[in-house]
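Have a look at the structure below before the remarks.
Please treat every number below as a calculation from the coordinates, not as lab data. Given the structure is predicted, the values throughout are model-derived calculations rather than measurements. Cβ placement follows ideal geometry from the backbone for every residue including glycine, while neighbour counts extend to all protein chains displayed.
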Amino acid sequence: MSSSLSAARRTMAALTVLATAILLLIGLNPGQAAAVETTKGPIVFSMTSGKAGKVSAISPASVVKRFGKKGAKVSTAAKNGSFGEKVASGLQAAGGLRLANGKRSVALTGLKLTIDRKLAVVRGNVAGKKNIVVFTAAGKGTLSADPGSVKFTGGKLRFPASVANLVRNRLKLKTAPTGPIGTLFVNAFLDTTVPVDPCELDPDAEGCPVIDPYLTECNVAATSKATGSLPAAAPLPTLTNPQAITGLTTVGWGIKSSFRNYMVSPAAAGSIHARDGATATGSAPAYSGFDWTFVDGQYADNGTPNDPSDDQAILNLSGTVVLCATGHSFRVAISDPTIVVDGANSRIIADVDSNLTGVWTPAQRIDVATLNLAGGTTSLLSGTLGTKWENVPAAMTENGGKAICGVTEPQCPYSTGTAMDPVTVEARAGI
Ligand code: HEM
């Protein structure tokens, strides 16, 4: 690594850790959603009498029915308010009502209701007068504090005398609209909803936090998420008359001993974690290898049970090994290897997921290594059908090196042919 490049990396890593700490401290996680209480339900003014001129609605309130030429049923949505057992107050009706006579009109806006078991009082703004009692309605209120709700039925709407006179004067009505002018109906309630977290639905959406899946193990924060560009592993060979491999519980493969040692060196200041079916063998912190859980496998003797040289096998393993170079701000996770014994096409396939100085590239399933069968020992298993391939040298593929070190990493020391740890595989056909 050039020293300026590594200095920049160190600064970036420090800034990332600081930013994560600040976000955690102030709880500013854009993906986090808190429960929200909203008042819902209708407040309906049915102005049936026609005494107060022609009734219309001020948006977002709306006329849902007309009565004759003048009357109207105006429905508005309830907002806010506090709900008690005996009284609900501060319930707002969105929008308002307009009363008109010819070209003259008067608006009733800013309507706020206080409702008890017998009476609803509606305050609001009328003809320049603010927060005065606009309507009263005697009716039946059913209230609840928990969950907050109020239902008000059979409410007989009236203007107080002062408002009736105000409306008469403004609209030049022949008589003041006194007495019952319609009905009030309210059915408002508090709705507790947990809004759907958009980042949960689509973690890749803009503004959603990028969280490294191995942050706990490695403490290497991700600042961005990249889409892997490496070609997928070549298809598995189709074996002729394959037989299930039996009697195996784990297969050992240490990935690369020099890499393990580098990750836990004082400079890289890292750690190694085996999980999800993989276990580390030997002593911490560098270990001597890993045992991977055997999932299933196929074996073919290709018609020559006594000749192992043309035998093939596919072994699917599970487990994840996370290699952290926390001090160098990168980490690599290698998961679920498949070992393919197939002559010159023998190889190891695995998922490789990396975070290189903050750029997280989710798992790509690639051909990580080629296996050189001739470099190891091939022998028939005794007492059963099957073959053992011992100490088979593994060499990194170009894509394996790129997946571990980074496609654009100029200093990546891994290239085609870099030695990885050898592998020993036993394929027992169980007969
Ligand atoms: C994304 C960042 C980096 C990646 C992917 C990376 C990767 C690697 C790899 C794969 C090796 C070879 C390990 C082996 O022997 O098998 C290596 C060696 C080395 N790296 Fe890095 N490295 C990174 C950052 C750094 C930084 C920031 C420094 C120094 C500040 C550094 C210093 C070294 C040194 C000195 C070695 C040789 C170690 C030895 O042979 O013992 N690397 N690096």
Take the Cα atoms of the range 37-193, find their three principal axes, and give me the spread along each one in whole Å, biggest first.
47, 28, 26
Choice from 421, 307, 212 showing the highest fluctuation, given a GNM over the chain with Cα pairs closer than 10 Å
307
Any chance you could check the Cα centroid distance between the range 306-352 and the range 152-204 for me, in angstrom?
69 Å
So, relative contact order of the range 266-372 in percent, Cα under 8 Å, 6 or more apart, is 21 percent
For the chain, built as a Gaussian network whose Cα springs stay under 10 Å, the top-fluctuating residue of 345, 302, 125
125
Can you check what the net charge comes to around residue 368, using other residues whose Cβ is under 13 Å from the Cβ of residue 368 (Lys, Arg +1; Asp, Glu -1)?
-2
Would you list the membrane-span-like helices of the chain, meaning whole DSSP H runs whose alpha-carbon atoms span at least 20 Å along their axis and whose mean Kyte-Doolittle value is at least -1.0?
3-26
Rg/Rg_ref, the chain, where Rg_ref = 2.2 N^0.38 Å and atoms are Cα
1.71
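When the Kirkwood radius is taken over all Cα pairs of the range 229-347, what Stokes-Einstein diffusion coefficient follows at 25 °C and 0.890 mPa s, in µm²/s? Kindly include the intermediate steps, with their values, before the conclusion.
Working: Rh = 15.9 Å.
The calculation lands on 154 µm²/s.
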For the range 210-428, count all C-alpha to C-alpha pairs, find those more than 26 Å apart, and express that count as a whole percent of the total.
34 percent
Summing -39500 (n - 2.57) over every DSSP H run of at least 4 residues in the chain and dividing by its residue count gives a helix-only mean residue ellipticity at 222 nm, to the nearest 500 deg cm²/dmol, of -4000 deg cm²/dmol
Below 8 Å between Cα atoms, with a sequence gap of 6+, how large is the relative contact order for the range 319-431 in percent?
19 percent
Please build a GNM for the chain, connecting alpha carbons under 10 Å apart, and tell me which residue among 164, 274, 325 fluctuates the most.
164
Which whole-number percent gives the relative contact order of the chain, counting Cα pairs below 8 Å spaced six or more residues apart?
12 percent
Neighbour-count order for 352, 368, 63, fewest beta carbons within 10 angstrom listed first
63, 352, 368
Greater than 20 Å apart at Cα, pairs in 86/140; 51/112; 69/103; 79/129; 73/130; 51/73
51/112; 79/129; 73/130
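When 385, 317 are ordered from fewest to most other Cβ atoms inside 10 Å of their Cβ, what list results?
Values: 385 16, 317 26.
Ranking 385, 317 by Cβ neighbours within 10 Å, fewest first, gives 385, 317.
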Within 10 Å of each residue's Cβ, count the other Cβ atoms and sort 328, 273 from fewest upward.
273, 328
